[in-house]
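Below is one structure; the comments refer to it alone.
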There are 2 protein chains.
Amino acid sequence: MSFDPSSLNYNADGLIPAVAQDAGDGAVLMMAWMNAEAVARTLETGRVTYWSRSRQAYWVKGESSGHVQELVDLRLDCDRDCLLVLVRQTGPACHTNRRSCFYTAVRDGQETELMTPIV
Amino acid sequence: MSFDPSSLNYNADGLIPAVAQDAGDGAVLMMAWMNAEAVARTLETGRVTYWSRSRQAYWVKGESSGHVQELVDLRLDCDRDCLLVLVRQTGPACHTNRRSCFYTAVRDGQETELMTPIV
């Protein structure tokens, strides 16, 4: 079946959550949002492109930081309301310079930092 | 730092996306939503508990299907607006009986099914 980005289920703001996973070792790196055009651009360019809600602008991941995400595979879920993007990540994915945004665990009721920034 | 579920950043509906990942092999299984009470219940019971937007009710994953998710680790992202739950998944995670909800890939402009239902 031919894929049409407009066939996805977007929220009231026209956005769909996209989870980025390292295609190599499966680490979940981050979650951000795409609109239909960001999905289309990601597929066309092979550069993962989100929609920045704070800046209200397209966000080619790594455009300023150099920490780009090369698209390896784009997947959608059963409800067509969430995306999984498998990527080759250059440098850290998180703006804090940690490899993954999910660097805090909750263990025994305490927040525990699992990763330190890459220097 | 002590963890308080109310310290997370929820959307206008009081919900936060939660990505479930298999703690064994790192497969991303599904994405669903939690409210603060679902986060608290997940941590207290060790059974991953979402908020069902369609049913407007707590959804102890696997309660009816038996396809439960045992919590291994709960992580939050840098913006505190997305959760990653590492789980031990019994049976398929997807209601279609596939292991993961992300069973459709977009390749060369076509939707391609990567998994078949577990019989």
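Here is a list: A:L74, A:L83. Which entry is within 15 Å of the chain's Cα centre (by Cα), under 19 Å from B:R107 (Cα atoms) and touching a residue at least 60 places away in the same chain (Cβ under 8 Å)?
After ruling out the rest, the residue left standing is A:L83.
Kindly indicate whether any position in region A:67-80 is among the polar types (S, T, N, Q), farther than 23 Å from B:S54 by Cβ, more than 10 Å from every other protein chain (Cβ to nearest Cβ) and in contact with a Gly (Cβ under 8 Å, 6 or more places away or on another chain). Quick ask: steps written out before the conclusion?
Kept after step one, since they are among the polar types (S, T, N, Q), are these residues of region A:67-80: A:69.
Applying the additional criterion that residues be farther than 23 Å from B:S54 by Cβ yields A:69.
Add one more test, that the residue is more than 10 Å from every other protein chain (Cβ to nearest Cβ), and what stays is A:69.
Filter again for in contact with a Gly (Cβ under 8 Å, 6 or more places away or on another chain), leaving A:69.
Checking region A:67-80: at least one residue is among the polar types (S, T, N, Q), farther than 23 Å from B:S54 by Cβ, more than 10 Å from every other protein chain (Cβ to nearest Cβ) and in contact with a Gly (Cβ under 8 Å, 6 or more places away or on another chain).
For region B:92-111, how many residues meet the condition of being polar (S, T, N, Q) and more than 9 Å from every other protein chain (Cβ to nearest Cβ)? Step through it out loud before you land on a result.
Restricting attention to region B:92-111, the residues satisfying the condition of being polar (S, T, N, Q) are B:96-97, B:100, B:104, B:110.
Applying the additional criterion that residues be more than 9 Å from every other protein chain (Cβ to nearest Cβ) yields B:97.
Qualifying residue count, region B:92-111: 1.
Kindly indicate which of B:L43, B:L114 is over 29 Å from A:V87 (Cβ atoms) and either at the interface with another protein chain (Cβ under 10 Å from one of its Cβ atoms) or touching a residue at least 40 places away in the same chain (Cβ under 8 Å) (or both).
Unique residue meeting the criteria: B:L43.
What's the number of the condition A:W51 fails, among (1) within 13 Å of chain B (Cβ to nearest Cβ); (2) in contact with a Leu (Cβ under 8 Å, 6 or more places away or on another chain); (3) free of Cβ contacts under 8 Å to residues at least 40 places away in the same chain?
All conditions pass for A:W51, except number (1).
Evaluate the following for B:Q89: is it more than 10 Å from chain A (Cβ to nearest Cβ) and closer than 22 Å to A:N11 by Cβ? Outline the logic, then answer.
Numbers: more than 10 Å from chain A (Cβ to nearest Cβ): yes; closer than 22 Å to A:N11 by Cβ: no.
So B:Q89 does not fit the description; no.
How many residues does region A:95-112 contain that are of a type in the set (D, E, K, R) and more than 20 Å from the chain's Cα centre (by Cα)?
Going through region A:95-112 one residue at a time, the tally reaches 3.
Residues that are open to solvent by less than 30 Å² (accessible area, probe 1.4 Å): which strands (runs of 3 or more DSSP E) entirely in region A:1-102 hold 3 or more of them? Break it down into steps so the answer makes sense when it comes.
On the way: elements: A:16-22, A:28-34, A:49-52, A:57-60, A:69-76, A:83-89.
Correct list: A:16-22, A:28-34, A:49-52, A:69-76, A:83-89.
I need the full set of residues from region B:103-119 which are assigned to a loop (DSSP other than H, G, I, E, B) and touching a Leu at 6+ places or on another chain (Cβ under 6 Å), in order please.
Passing the criteria: only B:Y103.
The values are calculated or read from the model by the stated rules, or taken from the named source; none is laboratory data. Because the structure is predicted, anything quoted here is derived from the model rather than measured. Ideal geometry is used to build each Cβ from the backbone, glycine not excepted, and the neighbour counts take in all protein chains shown. Note: areas computed on protein heavy atoms with side chains; ligands, DNA, RNA excluded. Shrake-Rupley method; radii C 1.70, N 1.55, O 1.52, S 1.80 Å.
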